[in-house]
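Taking it in order: structure first as structure tokens, then the write-up.
Just so you know, all these numbers are worked out from the coordinates, no wet-lab data involved. These figures come from a predicted structure and were not determined experimentally. So basically every Cβ, Gly included, is an ideal-geometry build from the backbone, and we count neighbours across all protein chains shown.
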Amino acid sequence: MPHWVPSSWSAFSAQQQPVYAEEAQLVRVLTQIRQSPPLVSVAAIEALRVAIAEAAAGERFLLQGGDCAERFQDCTVSEVRTKLGILSQLALVLNTVTKKPVLTIGRIAGQYAKPRSLDMEQQAGMLPIPSFRGDNVNRRSLSWKARQADPRRLWVGHQCAAITHEHLRALCTSPFYTSHEGLLLPYEEAVTYQVPAYGRYYNLGAHFLWIGDRTRQLTGAHVEFFRGIANPIGIKLGPSVSPTELAQLLDILNPHRQQGRITLITRLGAHNVPTLLPPLIHAVQDADHSVLWVCDPMHGNGFIAETGYKTRDFTTICADLDRTDAVHRACGSRLGGLHIEVTGNAVTECIGGPEGIRLCDVPNNYQTYCDPRLNAVQSLALVSQLTSLSL
Ligand code: PEP
Ligand code: CO
């Protein structure tokens, strides 16, 4: 591998990074983070990579889920219990329908930063203000001041992540795997350590990290950062990824073709799946890479309702999952997991599902800080649907 250190990314162009007014304050916070204890163990990361390799071989099924954007205020025993509760229920159902051990990874304990399509947000009757980028970056209130990027929030986020890992350890008998999008590179660098016993660098802020669809540029800073960490990693693939680009990404991120290293999370949108997914599968097959294919049926299917609420339709989400599985089977590939935005709380963020949530019901309980999540009833109905799929 060409020379790599955790700061190598800084010589590349990085998308989606907040601009901090006070550089010195950022440096102080990062030093504090670097000096605090790691959040996860190398042994657990290594065990996860083995389990992902097994999922890629069809011996397990992956469930990755949680909030789109975690909130600092939810770093409480009761909220963590609720998050764990819905994921365990989903895993139980998935175990029954897939007849495979379910490997669960939470979008939890660090999912505090969001990429945004627009830098500015425009509310009726207001001057534009910078977009909300997650609790790790700024505050969600609608004011210019709230939306200024504050480096001290990284320290609070790191503490919330540590406390949430503690909660998880207290509530679970075996390691509960955590994940988030590896978006804020100064932070990710600060939690990356060289582990002499393994001779490699590990990001010890979470077991699994993924590269978002907006930051997977071949020559960008995120790909440069991810290539050097030994954790199992995910790559989100939206409709703009080309088969050639995908093969190049895999060569950069997994040059030694290590089993369990790469999880490809497709979020193409239900209408795109039949046309866009087959060439991607063929590119991976032709390049002789082994990956775990996971379907994210949420991110390609969002829309903004007339009321202004961002929502998703349960029927479209089901169709995305169904079509993704059908394409894998037709291409001699295998769907090995599901990635969803979900909450155990009875929210009304996505429409449809067994409760028949209508567009006019959406405002009734809309809590998300970013994208609309499936509620417990909707998510259980979605995973039950997998019975009809072959896997
Ligand atoms: C997400 O998972 O919340 C997200 C922003 O996804 P994507 O990068 O696929 O848009
Ligand atoms: Co999201």
How large is the helix-only mean residue ellipticity at 222 nm for the chain, computed as the sum of -39500 (n - 2.57) over DSSP H runs with n ≥ 4, divided by its residue count, in deg cm²/dmol to the nearest 500?
-> -11000 deg cm²/dmol
Dipole axis of the stretch 8-388 (+1 Lys, Arg; -1 Asp, Glu on Cβ), positive-most option in VAL29, MET298, THR215 = VAL29
Mean-square fluctuation maximum in Gaussian network of the chain, Cα pairs under 10 Å, restricted to CYS172, CYS318, CYS331, hits CYS172
How do 175-186, 64-75 rank on mean C-beta neighbours within 10 Å, highest first?
-> 175-186, 64-75
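Would you mind working out the magnitude of the charge dipole of the stretch 8-388 relative to its Cα centre, with +1 at each Lys and Arg C-beta and -1 at each Asp and Glu C-beta, to the nearest 20 Debye? Show your work: numbers first, answer last.
Numbers: 35 positive and 34 negative charges, 89 e Å.
Using only the charged Cβ atoms, the result is roughly 420 debye.
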With label points set 7 Å from each Cα along the Cα-to-Cβ direction at CYS360 and VAL50, the distance between them in nm comes to 5.7
If you find the alpha carbon centre of the stretch 108-122 and of the stretch 236-255, how far apart are they in angstrom?
-> 23
Student exercise, the stretch 1-130 dipole from Lys, Arg, Asp, Glu Cβ charges, in Debye to nearest 20 = 360
Sort the following peptides by mean Cβ neighbour count (other Cβ atoms within 10 Å, averaged over residues), highest first: 115-128, 30-43.
-> 30-43, 115-128
In nm, give the distance between the simple-model label positions of THR96 and VAL377, each being 7 Å from the Cα along the Cα-to-Cβ direction.
-> 1.8
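Can you figure out the FRET efficiency of ARG200 with SER13, using R₀ = 25 Å and their beta-carbon distance, to the nearest 0.05?
About 0.45, to the nearest 0.05.
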What residues from the stretch 158-173 fall in the zone where the backbone N is under 19 Å from a label point 7 Å along the Cα-to-C-beta line of VAL77?
-> 160-173
Label THR387 and SER240 with points 7 Å out from Cα along Cα→Cβ: what is the distance between them in nm?
-> 4.1
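If each residue of separation counts as 0.36 nm, what is the full-extension length gain between GLN32 and ALA146 once their alpha-carbon separation is subtracted?
38.7 nm
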Could you list which residues have their amide H under 5 Å from that of LYS114, counting only those 5 or more apart in sequence or on another chain, with H placed in the peptide plane?
-> GLY134
Could you give me the percent of Cα pairs per 20 Å distance bin for the chain, shortest bin first, beginning at zero and ending with the bin that holds the maximum distance?
-> 29, 62, 9
Dipole-positive endmost among VAL137, LEU84, LEU168 within the chain (Cβ charges, Cα centre) | LEU168
Which distance in Å, rounded to a whole number, links the C-alpha centroids of the stretch 327-356 and the stretch 132-170?
-> 27
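Within 10 Å, count the other beta carbons around each residue, average over each peptide in 155-168, 8-21, 271-284, and list them highest first. All intermediate terms of the calculation are to be shown ahead of the outcome.
Working: 155-168: 20.0, 8-21: 15.7, 271-284: 18.2.
Descending packing order for the listed peptides: 155-168, 271-284, 8-21.
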Counting only DSSP beta bridges with both residues in the chain, what percent are antiparallel, rounded to the nearest 5?
-> 25
